[in-house]
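S.K.: Attaching a single structure in structure tokens format; questions to follow.
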Amino acid sequence: MTHFGTTSDGRDVERITLEAGDLTVAILTLGAALHDVRLAGVDYNLTRGTEDVLAYEGEWRYHGTIIGPIANRISTAQVKIEGMMHELERNQDGRIHLHSGKDATHFQVWKVVEQSPMSVTLEVILGDGLCGLPGKRTIRATYTLTAPATLTLTLTGVSDADTMMNLAQHGYWNMDGTDNWSGHHLKIAADYYLPTDADACPTGEIEDVTGTLMDLRDRPEIKRDKHIFDHNFCTATAKQELRDVVTLTGTSGVTMTMATTEAGVQVFDGRSSPSNYDALAIEAQGWPDAPNHRGFPSIKLKAGETYMQTTSWRFKA
């Protein structure tokens, strides 16, 4: 563990390096961010990160960090829990709640609670009322490497009051180390996706991908001037056993296969990220804006129950 930097309010941020087989990764305690992913024989970072710690408080805040307690958007910036309406921060256009606001998990410095050469567990505690939601919530993220080249993330969360929880690892990926993801092949095992409105919020429809550019089941080549992504792909209607859902292959031949227990995968083309289309955000999560759509899988977490998500990434050159 090495010192990475200091936040604007004086909190120390550490960098943890894990190694196993052909894979070396670096994790930051700020946001429990996946900062660097190196595959033997490949001379560039497969994910996107920055060496500027202060940038993680600004435009790089969603790069590789754990987003929570609610990832993605709540269109009304309100959620009802046990008959009580809870007001959330309106941090998108003054109307919409995006990625849990200014006190979210990606702005927190997480505590390292366990570490080995191949694994690290980090923890953050959100006090009752933080991010507009009830409950003292304890969230843990465990990153583990397995030879030859698999990274697994296990997320858990418990609360002492009924609340909402939908965590996501917001990694950006480019298998070529280039400044544009065009030419990659992307496969997503999803027969349906969620159309969105002008605010990038789900309309409530669940649309068949057949005959649309969202049909990625046969691993098409994707191009920046053709594919526009900021959508949830419906890989299931409830949490599942860990299974492969996404394969991303670069023109270099480097491939990432993502498996997850989650019912959805959000793909964002990076159009408004600081790196501007150079990598795809691929985020395993529950369906966005679920509290506002009766037919979407619930993101409610009962007091004393355990939220759990497992997502893994396998790499091959």
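S.K.: Has the stretch 20-29 got at least one residue that is among the hydroxyl-bearing types (Ser, Thr, Tyr) and buried (at least 17 other Cβ atoms within 10 Å of the Cβ)? Working first, answer last.
M.R.: The first filter runs over the stretch 20-29 and keeps only residues among the hydroxyl-bearing types (Ser, Thr, Tyr), leaving 24, 29.
Subset that is buried (at least 17 other Cβ atoms within 10 Å of the Cβ): 29.
Yes, because at least one residue in the stretch 20-29 is among the hydroxyl-bearing types (Ser, Thr, Tyr) and buried (at least 17 other Cβ atoms within 10 Å of the Cβ).
S.K.: Collect the residues in the stretch 87-99 that are in a strand (DSSP E or B), crowded, with 17+ Cβ neighbours inside 10 Å and without any contact (Cβ under 8 Å) to a residue 60 or more places away in the chain, keeping them in residue-number order. Spell out how you get there, then give the answer.
M.R.: Restricting attention to the stretch 87-99, the residues satisfying the condition of being in a strand (DSSP E or B) are 87, 92, 96-98.
Retained after the next criterion (residues that are crowded, with 17+ Cβ neighbours inside 10 Å): 92, 96-98.
Within the stretch 87-99, His97, Leu98 qualify.
S.K.: A further question on this structure: When you go through Arg217, Arg243, Arg224 one by one, which is the residue that is among the basic types (Lys, Arg) and either surrounded by 15 or more Cβ atoms within 10 Å (Cβ to Cβ) or at pLDDT below 95 (or both)?
M.R.: Working: Arg217 fails: either surrounded by 15 or more Cβ atoms within 10 Å (Cβ to Cβ) or at pLDDT below 95 (or both); Arg243 fails: either surrounded by 15 or more Cβ atoms within 10 Å (Cβ to Cβ) or at pLDDT below 95 (or both).
Only one candidate qualifies: Arg224.
S.K.: Okay, next question. In the stretch 183-198, which residue that is more than 21 Å from the chain's Cα centre (by Cα) and of a type outside the set (Asp, Glu) is surrounded by the most Cβ atoms within 10 Å (Cβ to Cβ)?
M.R.: Top of the filtered list is Gly183.
S.K.: Give Gly83, Gly58, Gly49 a once-over and let me know the one that is buried (at least 19 other Cβ atoms within 10 Å of the Cβ) and not aromatic (Phe, Trp, Tyr).
M.R.: Gly49
S.K.: Inspect the stretch 144-166 for any residue being modelled with pLDDT of 95 or more and at positive phi and give the result as yes or no. Outline the logic, then answer.
M.R.: The first filter runs over the stretch 144-166 and keeps only residues modelled with pLDDT of 95 or more, leaving 144-166.
Restricting the remaining residues to those that are at positive phi gives none.
No: the stretch 144-166 contains no residue that is modelled with pLDDT of 95 or more and at positive phi.
S.K.: Could you list, in sequence order, the residues of the stretch 110-147 that are touching a Leu at 6+ places or on another chain (Cβ under 6 Å), surrounded by fewer than 23 Cβ atoms within 10 Å (Cβ to Cβ) and not in a strand (DSSP E or B)?
M.R.: Met118, Gly132
S.K.: Now, a different point. Of all residues in the stretch 298-317 being surrounded by fewer than 18 Cβ atoms within 10 Å (Cβ to Cβ) and not basic (Lys, Arg), which is nearest to the chain's Cα centre (by Cα)?
M.R.: Met308
S.K.: Counting only residues that are in contact with an Asp or Glu (Cβ under 6 Å, 6 or more places away or on another chain), within 27 Å of Met165 (Cα to Cα) and assigned to a loop (DSSP other than H, G, I, E, B), how many does the stretch 241-285 have?
M.R.: The qualifying residues number 0.
Here is a yes/no grid of residues against (1) among the acidic types (Asp, Glu); (2) over 21 Å from Asp289 (Cα atoms); (3) in contact with a Lys or Arg (Cβ under 9 Å, 6 or more places away or on another chain):
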{"position": "Glu205", "(1), (2), (3)": "yes, no, no"}
{"position": "Leu213", "(1), (2), (3)": "no, yes, yes"}
{"position": "His227", "(1), (2), (3)": "no, yes, no"}
{"position": "Thr235", "(1), (2), (3)": "no, no, yes"}
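S.K.: Spot the failing condition for Asp269; the list is (1) surrounded by 15 or more Cβ atoms within 10 Å (Cβ to Cβ); (2) more than 18 Å from the chain's Cα centre (by Cα); (3) more than 24 Å from Thr310 (Cβ to Cβ); (4) not basic (Lys, Arg), and only one is missed.
M.R.: Unmet for Asp269, out of (1) surrounded by 15 or more Cβ atoms within 10 Å (Cβ to Cβ); (2) more than 18 Å from the chain's Cα centre (by Cα); (3) more than 24 Å from Thr310 (Cβ to Cβ); (4) not basic (Lys, Arg): (2).
The values are calculated or read from the model by the stated rules, or taken from the named source; none is laboratory data. These numbers were taken from a predicted model, which means no experiment stands behind them. Reconstructed Cβ throughout: ideal geometry from the backbone, glycine too, with neighbour counts over all protein chains shown.
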